[in-house]
Amino acid sequence: MPRRSLPVSGDAKLNRRPAQPFSGRTLEKHARVRGATVTHSICPYCAVGCATNIYTKAGVVIDIEGNPDSPINEGCLCPKGANIFQLQHNAHRQTKVLYRAPYAKDWEEKPLDWAIDRIAHKMKETRDADFKARSEKGRVLNHVTTMGSLGGATLDNEENYLMKKLFGAGMGMVSIENQARI
């Protein structure tokens, strides 16, 4: 079947190409991640460790996608992972410390430094009140069983090692767990 030639006009006759089927506005469009900085990361949810590409412009996260170069997830993300972007951009995200005193009905805003100091003081208070150096039979215990630590699934071995040393050896905590096992 012979190929039909397209009608051409004006300067197009010189190079024998059909007129461009796209408008100038269409040709100016591009992916929103063009020119963005790509940072490789890991999904913060389960312990699978799916790789992500985080795209930023001027220090603002503009998109998060699965990393197609990852042998773990090959660019795919589960429904939770696909919504990582909402961790950064969410109208309901709390960005201030809220504290509700015992028996109070209302929450009040507090500075972050206040919250960190309060947590540190409460941990020290609990450790001092409940620390057991020895058992009733005289065995060395050096532990506290009234508080614990729960790590996140995306913590690496080094971070888990430091948590174990800080909370276990440093504070005597017995209940130290990592979310990956739960």
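Results, tabulated for the structure shown:
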{"item": "Residue ranges of strands (runs of 3 or more DSSP E) in the range 56-135 with at least 1 members of a type in the set (S, T, Y)", "result": "97-99"}
{"item": "Top-ranked residue in the range 7-52 [being among the polar types (S, T, N, Q) and not in a loop (DSSP other than H, G, I, E, B); ranked as modelled with the lowest pLDDT]", "result": "N15"}
{"item": "Verdict on I116 being under 26 Å from T95 (Cβ atoms) and β-branched (V, I, T)", "result": "yes"}
{"item": "Residue satisfying all of: in the range 138-155; exposed (fewer than 10 other Cβ atoms within 10 Å of the Cβ) and of a type outside the set (A, V, I, L, M, F, W, C); farthest from the chain's Cα centre (by Cα) among these", "result": "G138"}
{"item": "Residues of the range 94-137 satisfying the condition of being closer than 19 Å to M171 by Cβ, surrounded by 10 or more Cβ atoms within 10 Å (Cβ to Cβ) and charged (D, E, K, R)", "result": "D117, R118, K122, K124, E125, R127, D130, K132, R134"}
{"item": "Selection within the range 62-91 - touching a Lys or Arg at 6+ places or on another chain (Cβ under 9 Å) and among the β-branched types (V, I, T)", "result": "I62"}
{"item": "Selection count, the range 130-181, where residues are out of contact with any strand residue (DSSP E or B) (no Cβ under 8 Å at 6 or more places or on another chain), farther than 22 Å from S41 by Cα and not hydroxyl-bearing (S, T, Y)", "result": "8"}
{"item": "Any pair with Cβ under 6 angstrom, 6 or more apart, that starts in the range 17-46 at a residue that is within 25 Å of Q88 (Cβ to Cβ) and surrounded by 11 or more Cβ atoms within 10 Å (Cβ to Cβ) and ends at one that is among the charged types (D, E, K, R) and modelled with pLDDT of 85 or more", "result": "V33/D63; A36/K57; Y45/K80"}
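The values are calculated or read from the model by the stated rules, or taken from the named source; none is laboratory data. The structure presented is a predicted model; accordingly, all values stated were derived computationally and were not measured. Positions of Cβ are backbone-derived with ideal geometry, glycine not excepted, and every protein chain shown enters the neighbour counts.
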